[in-house]
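Visitor: Sharing a structure, written as structure tokens. Questions coming.
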Amino acid sequence: MKILVCISKTPDTTAKIAFTDNNTKFAETGVQFILNPYDEWYALVRAIELKEADPATVLHLINVGGAENDPIIRKALAIGGDEAIRVNSNSHDDFYIASQIAEVARQKNYDLIFTGKETIDYNGSSIGGMVAELLNLPFISLATKFSLEGNTATVEREIEGGEEVDVVNLPAVVSCQKGMAEQRIPNMRGIMSARTKPLKVVEPVQADTFTEIASFELPPAKAGVKLIPADQPEELVRLLHEEAKVI
Amino acid sequence: MSVLIFLDQADGHIKKNSFEAASYGAKLAENLNTSAEGIVLGNVNDDLASLGKYGLKKIHTVKNDALNNFDDEVFTHVIAEAAKNTDAKVIVFSNNFNGKSIAPRLSVRLKAGLVTGAVNLPETANGFIVKKSVFSGKAFANVSIKTEIKIISLNANAYKISEGEGVAEVAELNVEIPQSRVKIKEVNKVTGEIPLAEAELVVSGGRGLKGPENWGIVTDLAKALGAATSCSRPVSDSDWRPHHEHVGQTGLTIAPNLYFAIGISGAIQHLAGVNRSKTIVVINKDSEAPFFKAADYGIVGDAFEVVPKITEAVKKLKGIS
């Protein structure tokens, strides 16, 4: 079994969001970066569990980004995985990124590709579906549970208005969310061994970009909370009805 | 040439998100001087011609039992055929579970740039720029799509449904249905509840409610308002409420017109799931709770005393005794 987990670097969930260069770039100064939580807690940890259940499993991680991503990739390797591949590009275009991942996957013939359900910065939730289409593989999105028997996966997923249990023969692409696994803190042995695990850097292949970020903007600031005395709940209801006009 | 809108159905009925997508697509078609057309897959009981009131000129249906269950590959194939058939220049999805599954695949198949999580109509005067939600609701990005065909998936509650006069022409489209590679073993639909992702009013409870036995004050208020219910992460992690009610960074992201937070302190991870709500009301006994900074209205007080009184006031307003 060969598994590939796609990982991204994102600002910490508590990071202050601001922009520079005439609102065309995210202001990275002073921002702490983390492994995208969906990639880490759900995709990576579930893949590690599969490897623990079958030690013959080969587990690779892939990231598309610049050298500044290496500490985050090492952190992922400290949690688990045999080696990492970084495609050396800073593109933000989903199709371009998916094309790079698909190219590596094509060469290595993975049985299973995991992604997080989305990144917490660009919230695209597109990479999994795009990689599946590029590789002509089945795609199961928003998985909450995953089990494997031989070459057949049983996956629970969210669909509109409910849940569904799917059965699919590998190879396949799966996007992972809450329920797949529980967060793991890397231990000292993991951190030490991550230093010597291979982190291969490959140059991107030629691919189109479909989109481009023209600018960013922040939402208008809230006017501030209007506090209503606890003994006047009717006043709250009146304001919601007459002022906010939401009920 | 057309703007093609994918109209989601559940159990034979077109979903509310799709009325938003239809209204959005119709306005976009008007701006681009073209016609808005819808596509419906599977067997639907609704009167499809009446969807003309959202501005759709034509509805393409593909009736086949194989399309009653969702499959992203099969759906992508059929929508791609419909897009070719109608010479679609823009394809609009709802940014829901199904849209997230199909749109990326279709993007690759049609070589069409995709923007997910759109919150506004595209600027088309100079290029094609779509405003989308990024950083989990904390900012917006204006994204330029450079390809000839464009795909947009629209966030729930981001675009107001607009109804007018009009009857759509309904036509059946003949498309060969490919074999699915994913076998559906079991489907569990949540019925009888207002779906959280598309609810306009949401009442949410947190750890401050102390235990599942106290949820009555939340559900009573929700019932009086006609709202859906949700909860914070500690609540679903403790199994006080089902996990599909969890809103926040790792749960569902929602943007209702009214979000009522009861006994939720407002950690940044929770706010990431709800900060696009139009009006936020916070009830918390701790005046220092960070949620008050993100709120429009607040009451500092004991939820067990305050919330039942709010419920009574809502009933009075609505004339429910």
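Visitor: Assuming B:Ile145 fulfils every condition listed in (1) facing chain A (nearest Cβ under 8 Å); (2) surrounded by fewer than 22 Cβ atoms within 10 Å (Cβ to Cβ); (3) modelled with pLDDT of 95 or more; (4) farther than 29 Å from B:Leu258 by Cβ apart from one, which condition is it?
Guide: Just one mismatch for B:Ile145, condition (2).
Visitor: Do the conditions hold for B:Lys138, that is, is it within 10 Å of another protein chain (Cβ to nearest Cβ), closer than 15 Å to A:Pro219 by Cα and over 15 Å from the mean Cα position of the chain (by Cα)?
Guide: Criteria met by B:Lys138.
Visitor: If you scan the range B:268-282, which residues turn out to be facing chain A (nearest Cβ under 9 Å) and either farther than 28 Å from A:Asn36 by Cα or of a type in the set (A, V, I, L, M) (or both)?
Guide: Passing the criteria: B:Ile268, B:Ala272, B:Thr279, B:Ile280, B:Val281, B:Val282.
Visitor: Would you mind listing the strands (runs of 3 or more DSSP E) fully within the range A:151-247 where at least 3 residues are within 30 Å of B:Leu258 (Cα to Cα), within 7 Å of chain B (Cβ to nearest Cβ) and modelled with pLDDT of 95 or more?
Guide: A:211-217
Visitor: For the range A:121-138, name all the residues that are open to solvent by 10 Å² or more (accessible area, probe 1.4 Å) and hydrophobic (A, V, I, L, M, F, W, C).
Guide: A:Ile127, A:Leu134, A:Leu135, A:Leu137, listed by residue number.
Visitor: Which residues, taken from the range A:134-150, are of a type in the set (D, E, K, R) and either without any contact (Cβ under 8 Å) to a residue 24 or more places away in the chain or not in a strand (DSSP E or B) (or both)?
Guide: Hit for the range A:134-150 is A:Glu149, nothing else.
Visitor: From the list B:Asn155, B:Asn188, B:Asn174, B:Asn214, exactly one residue is within 11 Å of another protein chain (Cβ to nearest Cβ), open to solvent by 40 Å² or more (accessible area, probe 1.4 Å), among the polar types (S, T, N, Q) and on the phi < 0 side of the Ramachandran plot. Which is it?
Guide: From the options B:Asn155, B:Asn188, B:Asn174, B:Asn214, the qualifying one is B:Asn188.
Visitor: Conditions: (1) open to solvent by 30 Å² or more (accessible area, probe 1.4 Å); (2) more than 30 Å from A:Ser99 (Cα to Cα); (3) touching an Asp or Glu at 6+ places or on another chain (Cβ under 8 Å); (4) of a type outside the set (Asp, Glu). B:Lys27 meets all but one. Number of the miss?
Guide: (3)
Visitor: Related question: Just to be sure I understand the filter: pairs with C-beta atoms under 7 Å, separated by 6 or more residues or on different chains, first member in the range B:1-15 and closer than 15 Å to B:Gly55 by Cβ and open to solvent by less than 20 Å² (accessible area, probe 1.4 Å), second member part of a loop (DSSP other than H, G, I, E, B) and among the β-branched types (Val, Ile, Thr). Which pairs pass?
Guide: From the range B:1-15, the pairs are B:Ser2/B:Thr34; B:Ser2/B:Thr86; B:Val3/B:Thr34; B:Leu4/B:Thr86; B:Ile14/B:Val44.
The values are calculated or read from the model by the stated rules, or taken from the named source; none is laboratory data. Everything quoted here is computed from the prediction, not taken from an experiment. FYI the Cβ positions are ideal-geometry reconstructions off the backbone, even for glycines, and counts take in every protein chain you see. These area figures cover heavy atoms from the full protein model, side chains too; ligands, DNA and RNA do not enter into them. Shrake-Rupley method; radii C 1.70, N 1.55, O 1.52, S 1.80 Å.
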